[in-house]
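So the structure is just underneath, and the comments pick up after that.
The values are calculated or read from the model by the stated rules, or taken from the named source; none is laboratory data. What you are looking at is a predicted structure, and each value in this text was computed from that prediction instead of being measured. In this analysis, Cβ positions are derived from the backbone assuming ideal geometry, glycine residues included, and neighbour counts consider all displayed protein chains. Ligands, DNA and RNA are excluded from the accessible area calculation, which covers all protein heavy atoms including side chains. Shrake-Rupley method; radii C 1.70, N 1.55, O 1.52, S 1.80 Å.
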Amino acid sequence: MADWNQNVIDEFRANAGQVGGNFEGRTLLLLHHRGAKTGAERVNPVAYQRLSDDSVAVFASKGGAATNPDWYHNIVANPDVTVEL
């Protein structure tokens, strides 16, 4: 999964936030957060919805799975995050 995420991150940065494939035409951001156990910096591409000029909502859906994605648990443990739009 890390290689897949890294490919999306690289494409996002190379194309001013635009990504093809499954994410083509979707609003994506890069979510910077810290691991719940390790404290290591993590970056995940995440779909978002703009709420206002200075706020967005992200959705921890894990593609509709019954469990939350790992980054959700990291944010619960370490809520200080930044995003790249």
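Numbers below:
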{"quantity": "Tally of residues being more than 13 Å from the chain's Cα centre (by Cα) and open to solvent by 30 Å² or more (accessible area, probe 1.4 Å) across segment 14-38", "calculated": "11"}
{"quantity": "Criterion (in contact with a Ser or Thr (Cβ under 7 Å, 6 or more places away or on another chain) and surrounded by 12 or more Cβ atoms within 10 Å (Cβ to Cβ)) met by exactly one of ALA47, ALA60", "calculated": "ALA47"}
{"quantity": "GLU84 vs. criteria at pLDDT 95 or above and either loosely packed, with under 10 Cβ neighbours inside 10 Å or closer than 21 Å to TRP4 by Cβ (or both)", "calculated": "yes"}
